[in-house]
Every structure is written in C-alpha cells, then in structure tokens.
Amino acid sequence: MTSRKQHSLISEEEWKIREDLAACYRLFVHFGWTDLIFTHLSARVPGTDNQYLINPYGLLFDEITASNLIKVDFDGNVIWGDFPYNRAGHSIHSAILKARSDVNAVLHSHTRAGTAVSVMDEGLLPISQQASEVTGLLCYHDYDVARDNDEECRRLGNDIADKWLMIMRNHGLLSAGRTIGEAFYYLYELENACKIQVDVMGSGAKITLPNQSAINRIIAEGMPSREGPNSTVLTSWQALIRMLDRQGSNYKS
C-alpha cells in the first residue's frame, strides 16, 4: 500500500479525516463491534458535497489504514482506491449524507446488543443514564434491503430527519456526527444503553424507571450544541486516539 508522501493529490484536510476514520475502524475492533468484513463507516471528503470515504470491501477492520480507504461519489463511482465498496453500505451512507449537509460522518454497526434492541417492539427504554442521554438524539427506521433500493434510501433520509442516532429495526444501529469523534461518542453511548437493556431484560428482574424529571434533564444535557461537538466528545476522542497510538496501531499509514 502506498504511503502518504506518495499521495500528493490528497489535501492535508482530507488526510486528517482519513486518519480519524481509520482510527474509528480500529476502535470498532477494540470494542468488539465488528461483523467480519461487513458494516461500514464513512466520512465526507472535506471541501466536497458529493464525495465520501469508506472501507475497502473485503478487508477486515484491523487492516484498514488512512491510505487504503476508498473515495466514492454519490453516484457510486470510485474516485480513489484499489478495492470495491459494499453496495448496501453505499446506499446507506450516501442516503444520510445527501439528506444532511451538517453530517460529516456516518457509522453503522451490527452488534449483538444493538441488533437485539432493534428487534424489541418497545425499542430503547430509558432505564439507564446512557439511554436517557441518547433518547433525544434517536429515531427508528423500519427494515428493508438497502442494496440498490432507491425507495429505501429515500426513507432513510426522511427518517433520520434532524436526529443523530438511528435504530434500524431488525438490523442494527447507525450514528451520525459533525465529526468522526462525535459520531463515535453517540454510538458508544447507544451501544452501552443497548447492552444494559439486554442484560436487565435477560435477567428477568423487575425494571425500575428513573423519575421523569431526571430523565428529562439527562435528555436535555445529551442534546448537541449548535457550536459543535461538546468538550466531553472532544476529550473522549483525544483519549481514544492516545490509546491507539500507545498500542502502536498502524492506522495512520
């Protein structure tokens, strides 16, 4: 695989996004959110309104680096890269990025807990602080096959509306963010909320709900500011990058 110095046509802004997106793939490995070569994470190419970066289809997430991410336009043309892309991934990510000009990163997972909650008729319950934190960011989308399905793409764009998290019924989870770090933080909180719910419901114990005023306060605190990602998002992302760098990960190559 070629090095950054050989990629003279890639701007510094794009290279930084490539590094962050490659880091995000490695974090999926670290937290056990991968599904073999399936699922996909994307980021809008800086300075463009119809191009994005996504994983090369066929590579495991621990093989993905800044330089081997492929660049695709909304029409499905590969602009940069030596691999194909996942067609369902293209449909999902281009649909969200088209619908939301304020979104620059989209993450999609098929985790066990996230998929389990996506099957539950009641959806995510406000039984934990994590769940309440993301409740105001959350929407739902009924399942259909995304691959080469224009109607499904239209529904995805409509259903995300102004939200930042989506439970895709019978499928998995999706997060959006103005930055890759913001999208990751939201997905992390949603995934943990799903794990807690699956554990509690599986235990058979009687569920106790917090009082509504506490739920409402946490919902309000979880809403994003108009100025950009909050300090918790920024500090968390910096800590995660330091962790990857300590591990000697080659994601930046």
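Computed values, structure above
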{"item": "Cβ-based exposure ranking for Phe184, Phe83, in which fewest neighbours within 10 Å come first", "result": "Phe83, Phe184"}
{"item": "Relative contact order for the chain, counting Cα pairs under 8 Å that sit 6 or more residues apart, in percent", "result": "21 percent"}
{"item": "Test item: Cα-centred dipole of region 193-253, Lys/Arg +1 and Asp/Glu -1 on Cβ, debye", "result": "80 debye"}
{"item": "Order of Glu13, Glu122 - criterion: other Cβ atoms within 10 Å of each residue's Cβ, fewest first", "result": "Glu122, Glu13"}
{"item": "Sum of -39500 (n - 2.57) over DSSP H runs of 4+, divided by residues of the chain (222 nm, nearest 500)", "result": "-14000 deg cm²/dmol"}
{"item": "Charged-residue dipole, Cβ positions (Lys, Arg, Asp, Glu), the chain about Cα centre, Debye nearest 20", "result": "480 debye"}
{"item": "Most mobile listed residue (Leu174, Leu137, Leu125) in the chain, GNM with C-alpha springs under 10 Å", "result": "Leu125"}
{"item": "Cα centre as origin, Lys/Arg/Asp/Glu Cβ charges: region 37-109 dipole, Debye", "result": "180 debye"}
{"item": "Anisotropy class of region 202-253 from Cα gyration tensor, a/c 1.5 cut", "result": "oblate"}
{"item": "Region 68-157, relative contact order [Cα under 8 Å, separation at least 6], %", "result": "31 percent"}
{"item": "Compactness index (Cα Rg / 2.2 N^0.38 Å), region 82-224", "result": "1.06"}
{"item": "Exposure proxy order (Cβ contacts within 10 Å, fewest to most) of His93, His108, His171, His30", "result": "His30, His171, His108, His93"}
{"item": "Distance between region 107-160 and region 179-253 - C-alpha centres, whole angstrom", "result": "16 Å"}
{"item": "Most fluctuating residue given options Asn55, Asn104, Asn77, as computed from a GNM of the chain linking Cα atoms under 10 Å", "result": "Asn77"}
{"item": "Close Lys-Lys pairs in the chain, where close means Cα under 23 Å and separation is 8 or more or interchain", "result": "11"}
{"item": "DSSP beta bridge pairing in the chain, given as percent antiparallel to the nearest 5", "result": "85 percent"}
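Every number in this text was worked out from the coordinates using simple rules, so none of it is lab data. Keep in mind the model is a prediction, meaning the values are calculated, not measured. Note that each Cβ is placed from the backbone with ideal geometry, even for glycine, and that neighbours are counted across all protein chains shown.
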